[in-house]
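Worksheet: the structure to be examined is printed underneath.
FYI, it's all coordinate maths here, none of it is from the lab. Quick caveat, the model's predicted, so the values are computed rather than measured. Cβ atoms come from the backbone with ideal geometry, glycine included; neighbour counts cover every protein chain shown.
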Amino acid sequence: NWEIQAFGYTLSLNILIPALVIPGIITTVLIAYPFIEAWASGDKREHHLLDRPRDAPTRTALGVMAITFYVLLWIGGGNDIIAVGFDLSINSVIWALRIGLIVLPPIAFVITKRICLSLQRRDREKLLHGRETGQILRMPNGEFLEIHAPLNENERAKIMAKPEVKPLPQPPETDS
């Protein structure tokens, strides 16, 4: 039993931990994350503009990973209702959630990072070749080519808004 009795009152830990401790940990991590990222990346510049999620793929993937973890915890809070509603064994639902808590967040991380990187590649292709017009041109030798039009100023500015970040210098070697 997850209960503490003191001064004639019963404190139920199975309510206290999910209601106060876990949200407190999540809130602390959310508040500390910008400072942790600045320390890990060495980026001490001022930031006044928001980044597009695709321009920070690791940050976006970490966010999706955290959301996936939290959603699985949230689903686990109603595992009895899910088991009854879908006519499943509650033990199988619990085991599926246990495995999901370990397996699904890293999968969500990898998928999200790959999506962000592919969107960056798509932006690069649009900058280099322009946007698709939907017009197909047939060459005399039978080859088909799609005609591209240059991007207008607004589209180009939106893609080019990402600031150039120079790599950090390597720290000097020390003899220890």
* **Residue check for A40: part of a helix (DSSP H, G or I), under 23 Å from P105 (Cα atoms) and touching a residue at least 24 places away in the same chain (Cβ under 8 Å)** => no
* Can you tell me how many residues in the stretch 122-171 are closer than 30 Å to R45 by Cα and of a type in the set (A, V, I, L, M, F, W, C)? -> 8
* To do: Scan (1) part of a helix (DSSP H, G or I); (2) surrounded by 15 or more Cβ atoms within 10 Å (Cβ to Cβ); (3) without any contact (Cβ under 8 Å) to a residue 60 or more places away in the chain for the single condition C116 breaks and write down its number.
  => (3)
* Structure fact -> In the stretch 125-176, residues that are among the charged types (D, E, K, R) and part of a loop (DSSP other than H, G, I, E, B) total 6
* To do: For A83, work out the one condition from (1) part of a helix (DSSP H, G or I); (2) among the hydrophobic types (A, V, I, L, M, F, W, C); (3) within 26 Å of S118 (Cβ to Cβ) it doesn't fulfil.
  => (3)
* Report, ordered by the first and then the second residue, all pairs with beta carbons closer than 8 Å, sequence separation of six or more or different chains, a first member in the stretch 1-22 that is closer than 21 Å to G77 by Cβ, and a second member that is in a loop (DSSP other than H, G, I, E, B). => S12/W2; L13/W2; N14/W2; I17/W2; P18/G77
